[in-house]
Amino acid sequence: MKKIAVVTGSARGIGHATALALGKAGYHVIFSDVRAAEEVPNLVPEAEAQGISAEYVKCNIASEEDRLHL
């Protein structure tokens, strides 16, 4: 079974670097951030170009409703 990493705040900065590092370590990465997917269109393709299995989920971690859907 493949391990899954959910990384919040991963559209940029430390969260982004962490998500990529986990992906390179063999995790399926779920990038998550408050931005809409249209605002970060290159996020998943960039990861996939590096051989990382990835997807993106918009989530405001401060919102209980969003957290339930994450």
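Structural remarks
- Think of a 1.4 Å ball rolled over the protein heavy atoms: the chain then has 63 Å² of accessible area per residue.
- Fraction of C-alpha pairs exceeding 21 angstrom in the chain: 17 percent, rounded to a whole number.
- Measuring nothing but protein heavy atoms, the accessible surface of the chain at 1.4 Å probe radius is 54 percent carbon and sulfur.
- Probe 1.4 Å - accessible area at residue 65, Å² to nearest ten: 120 Å²
- Taking Lys and Arg as +1 and Asp and Glu as -1, the other residues whose beta-carbon sits under 13 Å from that of residue 61 total -1.
- Linear extension gain, residue 62 paired with residue 3, 0.36 nm per residue minus alpha-carbon span: 18.7 nm
- Sequence-separation-based contact order of the chain, relative, with Cα cut under 8 Å and 6+ spacing, percent: 30 percent
The values are calculated or read from the model by the stated rules, or taken from the named source; none is laboratory data. Fair warning: this is a prediction, and the values are worked out from it, not measured in the lab. Note: ideal-geometry Cβ built from the backbone for every residue, glycine included; neighbour counts use all protein chains shown. Protein only, heavy atoms only, side chains kept; ligands, DNA and RNA dropped before computing areas. Shrake-Rupley method; radii C 1.70, N 1.55, O 1.52, S 1.80 Å.
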